[in-house]
Amino acid sequence: MLTLHHLEQSRSFRILWALEELQQDYQIQYYKRLPTFAAPPELKQVHPLGKAPILQDDDRAIAESAVILEYLQSHYDPQQQFKPQSPEDAFQYLYWMHYAEGSLMPLLVFQLVMNNVSKNVPFLIRPVANKITDGIKAGFIRPRLNDHIAFLEDYLSEHDYFAGQFSFADIQMSFPLEAFLTRTVGQYPNIQAFLKRIQAREGYQRAKRKGIE
């Protein structure tokens, strides 16, 4: 039996969505975050890093979203519905599966950390902390993030999905794109259209109805 160890407000929703797309039988072990927003220590009993998502398949505990998605696709998608087979689409699938966490998410996480620095320093030095973090965001994070967003907007202007037809690469890319839109002011029509398109899928809607995102 497949078990998803699901942490609230985390990347776990990707795996829940994939399981619904596959229409697999599975169970969910749900974990709430601590007041510090950290994962609870119980997750370390499943995997040494105590991170989520973790997928358990019998005695095997699998971490990392892209690895879990690849595992599910290779073991539970015999008709190859969620991984493209043509060489070019397969290359794009591989690229976007790694790009999501390897290139885009680190910038978004760095931005989030910088946004929260002033909340975690003594009041008297907050003006200095704000000047430092504003400088890092203006000089390092925003220029690079702008490059990525222009890249994504351009790519999605010519592609409905990231690798031909809908695939698990789209699920992998959904999390950083949703995170970006919640942390940024502006209109990004192609990204927004892509998210609207994939969020209309029945698998996504079934996952949302679980009510545990």
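Where a number appears in this text, it was derived from the coordinates with a stated rule and is not lab data. Here the structure is a predicted model, which is why all the values come from computation and not from measurement. Positions of Cβ are generated from backbone atoms using ideal geometry, with glycine treated the same way; all protein chains shown enter the neighbour counts.
Quick look at the numbers
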quantity: Filter result (touching a residue at least 60 places away in the same chain (Cβ under 8 Å) and either over 18 Å from LEU49 (Cα atoms) or crowded, with 20+ Cβ neighbours inside 10 Å (or both)) within region 3-18; calculated: HIS6, ARG11, PHE13, ARG14, LEU16, TRP17, ALA18
quantity: Qualifying positions in region 89-111 - touching a residue at least 60 places away in the same chain (Cβ under 8 Å) and over 17 Å from MET173 (Cα atoms); calculated: GLN111
quantity: One residue from GLN23, GLN45 being farther than 20 Å from GLU70 by Cβ, surrounded by fewer than 23 Cβ atoms within 10 Å (Cβ to Cβ) and out of contact with any strand residue (DSSP E or B) (no Cβ under 7 Å at 6 or more places or on another chain); calculated: GLN45
quantity: Helices (runs of 4 or more DSSP H) contained in region 123-213 and holding at least 1 residues more than 19 Å from the chain's Cα centre (by Cα), on the phi < 0 side of the Ramachandran plot and not acidic (Asp, Glu); calculated: 126-136, 142-158, 189-199
quantity: Pairs where the first residue, in region 20-41, is among the small types (Gly, Ala, Ser) and the second is not in a strand (DSSP E or B), C-beta under 7 Å, 6+ apart; calculated: ALA39/ARG33; ALA39/GLY50; ALA39/LYS51; ALA39/ALA52
